[in-house]
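This report refers to the structure that appears directly beneath it.
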Amino acid sequence: MTHGQPYLVQLLGFQLVRRYNDFVFEQGRPRKPVFTLEDVEAVINDPEFFQRGRYYFDGVWGQAARGAGDQQAIIQLLAPHPEGLSLDVLAQSTGMNDANLQEALNTLKRHDVVEETQGSWRIMVELFRRWVLQQ
């Protein structure tokens with residue numbers, strides 16, 4: 001979900017502890033001190049989660065508006081495809097020439113936004129991908 005991004009790891013951990021504390025101390029309900037996949041899903045599905053992480057999400061989005069052209073368009077194309085898209089599909093969908101597309105992808109890769117795996121380009125940070133889909 002975080003792909004190791006420190007801000008998101010910290011935010012997710014903080015929200016998990018907050019949820020646990022509310023459950024145990026505020027509501028007085030017993031539970032084991034272990035976080036489950038259900039806890040993670042509850043935290044990331046809370047609409048407030050993306051609002052609390054806005055500095056990260058807005059920062060990455062804003063950075064994609066600078067430098068090589070059409071980075072935001074590429075991100076928007078990739079967002080509905082967690083498995084990624086091929087370079088050919090990206091080229092056809094964006095109408096970009098190969099050199100400009102590769103420059104934009106390399107910039108996004110250098111900023112840890114996308115990665116290429118087995119011929120497919122995808123957004124690295126699942127939480128960022130989900131944020132883009134909500135925009």
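Computed about its Cα centre, the charge dipole of the chain is approximately 460 debye, with only Lys, Arg, Asp and Glu carrying charge at their Cβ. Per residue, the average separation of C-alpha pairs within less than 8 Å and at least 6 apart gives the chain a relative contact order of 27 percent.
What do you get for GluC sites (Glu not before Pro) in segment 1-105 restricted to DSSP loop and a cutoff of at most 15 other Cβ within 10 Å of the site's Cβ? Counting only loop positions with at most 15 other Cβ atoms within 10 Å, the GluC sites (Glu not before Pro) in segment 1-105 are 83. Potential lengthening of the chain between residue 3 and residue 35 amounts to 9.7 nm, from the contour at 0.36 nm per residue minus the alpha-carbon distance.
Read the figures in this text as sums done on the coordinates, not as results from a lab. The structure displayed is predicted, hence computed values, not measured ones. Cβ coordinates were reconstructed from backbone atoms using ideal geometry, including for glycine residues, and neighbour counts include every protein chain displayed.
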